[in-house]
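Step one of this worksheet: look at the structure below.
The values are calculated or read from the model by the stated rules, or taken from the named source; none is laboratory data. These numbers were taken from a predicted model, which means no experiment stands behind them. Methodologically, a virtual Cβ is constructed for each residue, glycine included, from the backbone with ideal geometry; neighbour enumeration extends over all protein chains shown. SASA here: full protein model, heavy atoms, side chains in, ligands and nucleic acids out. Shrake-Rupley method; radii C 1.70, N 1.55, O 1.52, S 1.80 Å.
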Amino acid sequence: MEEYMRRAISLARRGIGLVSPNPLVGAVIVKNGEIIGEGWHKKYGDLHAERDALKNASTSADDAIMFVTLEPCCHQGKQPPCTEAIIESKISEVYIGSRDPNPLVSGKGVAILRENGIIVHEDFLKDECDELNTVFFHYIKEKIPYVVMKYAMTMDGRIATKSSKSKWVTGAIAREHVHKQRGKYSSIMVGSSTVIKDNPELSCRVDGGRNPIRIVVDSKLVTPFESKIVTMAKDIRTIIATTSNDEDKINKYKENAVEILKIAENDGHVDLAKMIKELGALGIDSIYVEGGGGLHAAMLKYGLYDRAEIYIAPKIFGGINAKMPVLGEGVDDPSEAFKLKNMSVTRLGEDFLFEGDFKAGGKLCLPD
């Protein structure tokens, strides 16, 4: 039985970066010990996994068993309820991995299936299925984006040399992994200083990848009009969050297809907590924050990070003036450090990726 659900999990992963803000879902239909249909949610607005699997079934699903990674929906959205399709197909038994926290579904999908005589098994390989939708579950419950802190550094904690050269801290394999991560999350964020210094595209340069929404935190509205952030905005959705009321500048950005998100001030800068809430209201379910050091420090200060993805290269730059990934004042005592849990380490060529969840990253400063 577990092999069928793990197959459904692997199918669900094919939708990474394509289904947001919907969840990743995979489904497998088994009859007489053989798989007769498979499906997954391929793209936002497309068929859900259950209907995709039924469409692909090689024979009647009458009296078959379905394995699906998430509780089937029971409401009308961009697609009709999957519970209806399961009932009409005469499937007799359903194994479900994750429970759906969406109030429109939560428990209701299971109840409808059981009311129609279908045997339902819940929480089957639950932990493995839950891992698919960390972002979706967070966004549904909190109504704000899941926020990831990312940077690459040397073993002595430098992101650039004393002359600000940073190409390249890490090797090609690690850099390709970063681009895959950019395609995984719905948006990517940097501060205006990073735009001015590096003039980045902030695109996803992998085959089949999806460019994330680009967000620039720019309190004083100083992003250059000739920057790639502005000149590419007609092709990649771009948002600048600012406190500025300079309508002439704002209109010029808008003429270049840049969206302006006006946010109240906090200590002379964009109120980051309010900005996160506003971005959630725009339907942005996740943010991949690539810096710079001042933005990382501020996001940490206000407890706005959920996860860290830190790439470390086996190199040493040295230099008291070489740039570091996190600036600001820092903590006064080691006991005040921002701590991580659920740590994992992955080797990427000659480099290493350290990942973990913030223990207290907790949206504690979000306004009502």
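Only residues that are of a type outside the set (S, T, Y) and buried (at least 19 other Cβ atoms within 10 Å of the Cβ): list them for the stretch 193-209, please. Once the filter is applied, which keeps residues that are of a type outside the set (S, T, Y) and buried (at least 19 other Cβ atoms within 10 Å of the Cβ), the stretch 193-209 yields V195, D198, L202, C204.
Selection of the stretch 120-157 for residues being exposed (fewer than 15 other Cβ atoms within 10 Å of the Cβ), outside any helix (DSSP H, G or I), at negative phi and among the charged types (D, E, K, R) yields E122, D156. Residues that are more than 30 Å from E131 (Cα to Cα), crowded, with 16+ Cβ neighbours inside 10 Å and modelled with pLDDT under 95 do occur in the stretch 250-268. For the stretch 108-119, a residue qualifies if it is within 18 Å of D62 (Cα to Cα) and either open to solvent by 70 Å² or more (accessible area, probe 1.4 Å) or under 30 Å from the mean Cα position of the chain (by Cα) (or both), and the qualifying residues are R114, E115, N116, I119.
When you scan the stretch 158-179, do you find a residue that is assigned to a helix (DSSP H, G or I), charged (D, E, K, R) and over 20 Å from F352 (Cα atoms), even just one?
Quick first cut of the stretch 158-179, residues assigned to a helix (DSSP H, G or I) only: 172-179.
Add one more test, that the residue is charged (D, E, K, R), and what stays is 175-176.
Right, trim to over 20 Å from F352 (Cα atoms) and you get none.
Among the residues of the stretch 158-179, not one is assigned to a helix (DSSP H, G or I), charged (D, E, K, R) and over 20 Å from F352 (Cα atoms), which makes the answer no.
In the set (1) touching a residue at least 60 places away in the same chain (Cβ under 8 Å); (2) open to solvent by 20 Å² or more (accessible area, probe 1.4 Å), S286 fails one condition alone, (2).
When I29, I9 are screened for being more than 25 Å from the chain's Cα centre (by Cα), at pLDDT 95 or above and open to solvent by less than 10 Å² (accessible area, probe 1.4 Å), only I29 passes. Taking each residue of the stretch 68-91 that is on the phi < 0 side of the Ramachandran plot and looking for partners that are modelled with pLDDT of 95 or more and surrounded by fewer than 17 Cβ atoms within 10 Å (Cβ to Cβ) with beta-carbon atoms closer than 7 Å, six or more apart or interchain, yields I87/N116.
Anything in the stretch 314-337 that is out of contact with any Lys or Arg (no Cβ under 9 Å at 6 or more places or on another chain), more than 21 Å from F354 (Cβ to Cβ) and open to solvent by less than 90 Å² (accessible area, probe 1.4 Å)? List them, or say none.
Our first condition is that a residue be out of contact with any Lys or Arg (no Cβ under 9 Å at 6 or more places or on another chain); within the stretch 314-337, this holds for 314, 326-327, 330-337.
Remaining after also requiring more than 21 Å from F354 (Cβ to Cβ): 332-333, 335.
D333, S335, listed by residue number.
For the stretch 120-140, residues that are within 17 Å of the chain's Cα centre (by Cα) and of a type outside the set (A, V, I, L, M) total 9. Total residues in the stretch 163-192 satisfying the condition of being out of contact with any Asp or Glu (no Cβ under 9 Å at 6 or more places or on another chain), farther than 21 Å from P314 by Cβ, open to solvent by 20 Å² or more (accessible area, probe 1.4 Å) and small (G, A, S): the figure is 2. Condition check for S193 on (1) under 22 Å from V135 (Cα atoms); (2) touching a residue at least 60 places away in the same chain (Cβ under 8 Å): one failure, at (1). Scanning the stretch 77-107 for residues that are open to solvent by 50 Å² or more (accessible area, probe 1.4 Å) and either in a loop (DSSP other than H, G, I, E, B) or among the aliphatic types (A, V, I, L, M) (or both) turns up K78, I87, K90, R99, P103, L104, S106. Taken over the stretch 286-313, the criterion of being assigned to a loop (DSSP other than H, G, I, E, B) and more than 15 Å from D357 (Cα to Cα) is satisfied by E290, G291, G292, Y302.
When you go through V326, V331, V345 one by one, which is the residue that is within 24 Å of T154 (Cα to Cα) and modelled with pLDDT under 90? It would help to see each step written out before you state the result.
Numbers: V326 fails: modelled with pLDDT under 90; V345 fails: modelled with pLDDT under 90.
Sole residue among the options that is within 24 Å of T154 (Cα to Cα) and modelled with pLDDT under 90: V331.
Residues that are touching a strand residue (DSSP E or B) at 6+ places or on another chain (Cβ under 9 Å) and of a type in the set (K, R) were ranked within the stretch 286-345; the one that is farthest from N133 (Cα to Cα) is K315.
Please specify each residue of the stretch 223-248 satisfying the condition of being open to solvent by less than 70 Å² (accessible area, probe 1.4 Å) and either in contact with a Cys (Cβ under 8 Å, 6 or more places away or on another chain) or not hydroxyl-bearing (S, T, Y) (or both).
Within the stretch 223-248, the first condition is being open to solvent by less than 70 Å² (accessible area, probe 1.4 Å), and the residues that meet it are 223-225, 227, 229-230, 232-233, 236, 238-244, 246.
Selection gives P224, F225, I229, V230, M232, A233, I236, I239, I240, A241, D246.
Of the residues making up the stretch 211-222, just one is of a type in the set (D, E, K, R) and surrounded by fewer than 18 Cβ atoms within 10 Å (Cβ to Cβ), namely K220.
From the list G294, G280, which residue is of a type outside the set (A, V, I, L, M, F, W, C) and touching a Ser or Thr at 6+ places or on another chain (Cβ under 9 Å)?
Numbers: G280 fails: touching a Ser or Thr at 6+ places or on another chain (Cβ under 9 Å).
G294 is the lone residue from the list that is of a type outside the set (A, V, I, L, M, F, W, C) and touching a Ser or Thr at 6+ places or on another chain (Cβ under 9 Å).
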